[in-house]
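Single-structure report; data block below.
Rule-based calculations on the coordinates, nothing more; no lab input. Just so it is clear, the model here is predicted, and its values are computed rather than measured. A quick note on method: Cβ atoms are made from the backbone with ideal geometry, for glycine too, and the neighbour counts reach across all protein chains shown.
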Amino acid sequence: MIYRYVYGDPINTDAVVQQINPEDNASMPYFKQTIKEDEVVFRYEMNEETIVYGLGEQMRGINKRGFSYVSYAADDPVHTENRHSLYGAHNFMIVSGEDSFGLFVDNPGKVTFDIGDTNINLIEVTTGKDSDIYIIKGDNLKDIVRQFRVLIGQSYAAPRWAFGYQQSRWGYKCEDDIREVVDGYHKNQIPLDAVYLDIDYMKDYKDFTVDSERFPDFEGFINEMKEEHVHLVPIIDAGVKIEKDYPVYEEGVEKGYFCKDEDGNDFVAAVWPGKVHFPDVLNSKSRAWFGEKYRCLIEQGIDGFWNDMNEPAIFYSEKRLNEAMEEIAQMKDTELDINSFFHVKDIIGDLSNSLSDYKAIYHDMDGKKVCHNDVHNLFGFNMTRAAGEAFDKIAPDNRILLFSRSSYIGMHRYGGIWTGDNSSWWSHLLLSIQQMPSLNMCGIIYTGSDIGGFGCDVTEDLLMRWIEFGMFTPLMRNHSAIGTREQEVYKFSRIEDFKNLIRIRYRLVPYLYSEFMKCVLDNDMYFKPLAFDFPEDEFSKTVEDQLMVGDSIMIAPVYTQNAKGRYVYLPEDMLMVKMKSPEEYTCEPVTKGHHYISVDLNELVIFVRKDHILPLACIDDNLESMDDVDFDNVEWLGYVENEASYAYYKDDGQTKEYTEKENWDIVRKTKDMFEGGYIVK
Ligand code: MIG
């Protein structure tokens, strides 16, 4: 059951798609509420056992207890443990303990979740005075998630090719850079489905333009790549460059489609292109206009995009830079000392992503003037929605890949996310494992982290371990920052191992894609904490570094340097499958309980649940991309003591007709079919 409580006059965020009639606020269960002048605080007493799940992209573990989290979309490339905000605002959490319920705080401004930070036993949620609050009661954790997901609407389904391995790097500049990457993969027989275009493909960082010196025949180049079965995925940034005769700028100004300042002038910020205006994507006309702009790239053959810098990130605003320079100028003839040094440093440092700027930007929400700070978390959502809504018109039958850096619940209907600028740190491999199920709870299913880490120099072993986990994320993209060590897998010494591991991804893809689509269609989670599938099992509740992937398997990735294996907890008897290549595998039943499992650096381990099966693609040496995967002719890996049945979801992976019943193939396997083995036709 879902109960709604309305405080003040909330802004319609379009996060939810179901109309729920509000209850009397005084009747809200679980929480004590304090209504202040401009905020509402909800307090809940936890007991020792209470676990808190959710909050999407946030830092820290699967169990969120023991820290505070602030929903206020932040462009922060240093994801250390002390951070309270990342790029997304996903205000849904589940309390699991004596009481079990979900809480969704639908407020697009700043919301704080103090989950046992100030007081280990207290949850304190602080939101703006105008908020829509939902409480969800359910039979179990999965049921609570499912109800929430019905409330917020069906998740975005990516095209099937986007389940292939993808390579990206900030620094690819021209056709030849990309050809070199594709050659690097193909020469080494490593499959590849996409290469990303970061900001350097644009002419002077202008959205929807292509630098014609670097890409003299863009359309021809897209086709050349298509022949190699490689999709090109360009980045789109939130800021529109201010430049005379640049049509996107000229039109936006003329039609009044940009965000304004207090006085009604187009707000001027500076990001990569230099000075920019932000499209007012909270205005439906402006949103439709901006979305239409993607058309020119789609018409040239592009079928995937990533939306960046849409918190929106601001290096500085024109107004505040001027003020800062004035302040510094005033210091000119004074005696400069260490204090002045720190003062100048602060003046400059505080210019980026500053609250003062967010408070000085205004939206026209279809007739209503709204201060950006109050709706800050909706920007990335609506930039991506602009694209998603336009795609329905531009390519009504075709699924286009789309994901965003910033997001709010509701955006999951239009695209996925990636988890932004992580670093090549072992701790960030673990972080990405922990982010995945929390994101899935919030409806964000097409997601993944930058494999190998974005910032800092990766090492070969970290990249390999990361691939062993990234193998399971729907978005499997290796991405890194300019200036860091090159991270394409063929640039390392153990190319053969990388090749084998990436090829295993393609062997697993019939299962991964099938599970992904089922989760989209059934409002399920693709990655689950163990406790979601084994609610009666006490130890499962404490496991922070293993996940259920779909219904048939569990994974326990290695995420520490120099480890030769790790302890794994099995909540039930399972079949351990170790693979070093698509062809080489060993299978061994392992009993419920704790085990030390050795895992070689080049080895993938999965655990198959009892009486479960999963489809595996039969792949050969010629495999280059998803186009070479035969979804009809699969093998079945299973741990069948009795019998198992599997709903194998298959479609063309490209059209939007994915609700058809004929896409479901119910496959049954009994013990005798396996004749002592574990893989059968
Ligand atoms: O200020 O476009 O998160 O993936 O490579 C950095 C350059 C801007 C941030 C994105 C990252 C991308 C980078 N962008």
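Structure values in brief
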item: Hypothetical label at Gln19: residues of the range 134-165 whose amide nitrogen lies under 19 Å (7 Å Cα-Cβ projection); result: 134, 150-154
item: Bins of 5 Å, starting at 0 and running to the largest distance - Cα pair percent for the range 260-367; result: 2, 10, 16, 17, 16, 12, 9, 7, 4, 3, 2, 1, 0
item: Whole-Hz ³J(HN,Hα) from phi, Karplus 6.51 cos²θ - 1.76 cosθ + 1.60, for the range 53-63, glycine and proline x; result: 10, x, 6, x, 6, 3, 5, 6, x, 5, 7
item: Karplus-derived 3J(HN,Hα), 6.51/-1.76/1.60, for each residue of the range 382-399, Hz, glycine and proline x; result: 7, 5, 6, 5, 3, 5, x, 5, 5, 4, 4, 8, 6, 9, x, 9, 10, 7
item: Charge dipole magnitude, Cβ of K and R +1, D and E -1 - the range 381-507, Cα centre, debye nearest 20; result: 320
item: Cβ-defined net charge surrounding Asn47, 12 Å radius [Lys, Arg +1; Asp, Glu -1]; result: -4
item: Lys, Arg +1 and Asp, Glu -1 on Cβ, resulting dipole of the chain about Cα centre, debye, nearest 20; result: 900
item: Nearest-20 debye value, the range 316-393 charge dipole, Cβ charges on Lys, Arg, Asp, Glu; result: 400
item: Where only alpha carbons of the range 613-656 are counted, the Rg and the Dmax (Å); result: 12.9, 38
item: Solution diffusion estimate, µm²/s, Stokes-Einstein, the range 360-413, Kirkwood Rh from C-alpha pairs, 10 °C, viscosity 1.306 mPa s; result: 128
item: Which listed pairs, of Lys518/Lys661; Lys541/Lys578; Lys142/Lys528; Lys129/Lys319; Lys499/Lys580; Lys206/Lys359, have C-alpha distances above 18 Å, in listed order; result: Lys541/Lys578; Lys129/Lys319; Lys206/Lys359
item: Directionally averaged projected area (convex hull, Cα atoms, the chain), nm²; result: 30.9
item: The range 490-551-the range 415-484 distance, computed between alpha-carbon centres (Å); result: 13
item: Pairs of alpha carbons in the range 42-83 whose separation is greater than 12 Å (percent); result: 67
item: When the range 473-579 is reduced to its Cα atoms, the Kirkwood hydrodynamic radius in Å; result: 16.3
item: Cα-derived Rg over Rh, computed across the range 267-318 with Rh taken as Kirkwood radius; result: 1.02
item: Other-chain or far-sequence residues with amide H under 5 Å of Gly453's (modelled H); result: His479
item: Amide proton proximity set for Leu122, modelled H, under 5 Å, gap of 5+; result: Met46, Gly116
item: Rounded Å value of the spacing that divides the Cα centres of the range 1-58 and the range 156-224; result: 44
item: Stokes-Einstein D for the range 107-200, Kirkwood Rh over Cα pairs, 25 °C, 0.890 mPa s (µm²/s); result: 132
item: Cα-derived Rg to Rh of the range 1-90, Kirkwood definition; result: 0.98
item: Per-selection metrics, the range 578-681 (Cα): Rg and Dmax in Å; result: 15.8, 45
item: Per-selection Rg to Rh, the range 49-128 - Cα, Kirkwood hydrodynamic radius; result: 0.94
item: Karplus (6.51, -1.76, 1.60) ³J(HN,Hα), θ = phi - 60°, over the range 656-665, in Hz, Gly and Pro reported as x; result: 8, 7, 9, 9, 4, 5, 5, 6, 9, 10
item: Equivalent ellipsoid dimensions for the range 139-276 as semi-axes, Å, which come from the Cα gyration tensor, largest first; result: 32, 30, 12
item: Separation between Cα centres of the range 333-372 and the range 257-316, rounded to whole Å; result: 21
item: The range 338-431: proportion of alpha-carbon pairs further apart than 16 angstrom, %; result: 71
item: Equivalent ellipsoid, the range 381-475 (semi-axes from 5 times Cα gyration tensor eigenvalues, Å); result: 28, 13, 12
item: Among Met579, Gln167, Trp272 - extreme Cα towards positive end, dipole of the chain, charges at beta-carbon; result: Met579
